[in-house]
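Q: Here it is, the structure, as structure tokens.
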Amino acid sequence: MKIDTDYLIDTDIIIYWLKNKFQSINDKFMEIEEHRLFISSITVAELYYGAYNSSKVKENSQLVKELSSEINVVNFDSQAGKHFGKIKARVGWSEQTNSNIIDNHIEVVGLRSSVEPTRAARGNQKKKRGIC
């Protein structure tokens, strides 16, 4: 049964999916219709940053190019920037800023976050390794 919800996919989730790191992410993606998957233009920038800092620059940057042409990309526009500016003014700058930007973008465009399933997958991985 396909899931009838739109998802803005977090950068970490995309990386885990591309590396086939967690079966639970692959399974979840199989349940979601392709037209319901979105990434933020911020995620595209983060993926390119990672590609250009990798040992396989050409291969990884091509992968980002292909991914961003095959998945819906939601631009971080002035409305999202305004919303983020309000949040940043209220809570300040911290290590969580990138997550806050994506969370802000999710709120502005009205999509569902993909972060919670990943946190659960990470938790499951820690349990398998015996880490608390």
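Q: Scanning the stretch 1-22 for residues that are surrounded by fewer than 17 Cβ atoms within 10 Å (Cβ to Cβ) and at pLDDT below 90, which turns out farthest from Ser68 (Cα to Cα)? Walk me through it before giving the result.
A: Going residue by residue through the stretch 1-22, those that are surrounded by fewer than 17 Cβ atoms within 10 Å (Cβ to Cβ) are 1-5, 15, 18-20.
Checking the rest, the ones that are also at pLDDT below 90 come to 1-5, 18-20.
On the way: Met1: 26, Lys2: 23, Ile3: 22, Asp4: 22, Thr5: 20, Leu18: 13, Lys19: 16, Asn20: 18 Å.
Among those residues, the one meeting the criterion is Met1.
Q: Just one of (1) of a type in the set (D, E, K, R); (2) surrounded by 13 or more Cβ atoms within 10 Å (Cβ to Cβ); (3) assigned to a helix (DSSP H, G or I) trips up Asp27, so point out which.
A: Only one criterion in (1) of a type in the set (D, E, K, R); (2) surrounded by 13 or more Cβ atoms within 10 Å (Cβ to Cβ); (3) assigned to a helix (DSSP H, G or I) is unmet by Asp27, namely (2).
Q: Shifting gears a bit: Being crowded, with 17+ Cβ neighbours inside 10 Å and farther than 23 Å from Asp77 by Cβ is the filter here; which residues of the stretch 30-60 pass it? Write out each step before concluding.
A: Let us first name the residues in the stretch 30-60 that are crowded, with 17+ Cβ neighbours inside 10 Å, namely 32, 37-40, 42-44, 46-47, 51, 60.
Selection gives Ile32, Ala51, Asn60.
Q: May I ask you to say which residue of Glu66, Glu59 is modelled with pLDDT of 90 or more, more than 18 Å from the chain's Cα centre (by Cα), farther than 14 Å from Phe38 by Cβ and not in a loop (DSSP other than H, G, I, E, B)? Give the steps one after another, and end with the answer.
A: Numbers: Glu66 fails: more than 18 Å from the chain's Cα centre (by Cα).
From the options Glu66, Glu59, the qualifying one is Glu59.
Q: Pick out the one residue from Gly110, Gly85 that is exposed (fewer than 11 other Cβ atoms within 10 Å of the Cβ) and either modelled with pLDDT under 85 or hydrophobic (A, V, I, L, M, F, W, C) (or both). Before you say what the answer is, go through the steps one by one.
A: On the way: Gly85 fails: exposed (fewer than 11 other Cβ atoms within 10 Å of the Cβ).
The match here is Gly110.
Q: Here is a further query. Which residue is modelled with the highest pLDDT, if the candidates are limited to the stretch 69-80 and must be surrounded by 16 or more Cβ atoms within 10 Å (Cβ to Cβ) and over 17 Å from Trp17 (Cβ atoms)?
A: That would be Val74.
The values are calculated or read from the model by the stated rules, or taken from the named source; none is laboratory data. All values derive from a computational prediction rather than experimental measurement. Methodologically, a virtual Cβ is constructed for each residue, glycine included, from the backbone with ideal geometry; neighbour enumeration extends over all protein chains shown.
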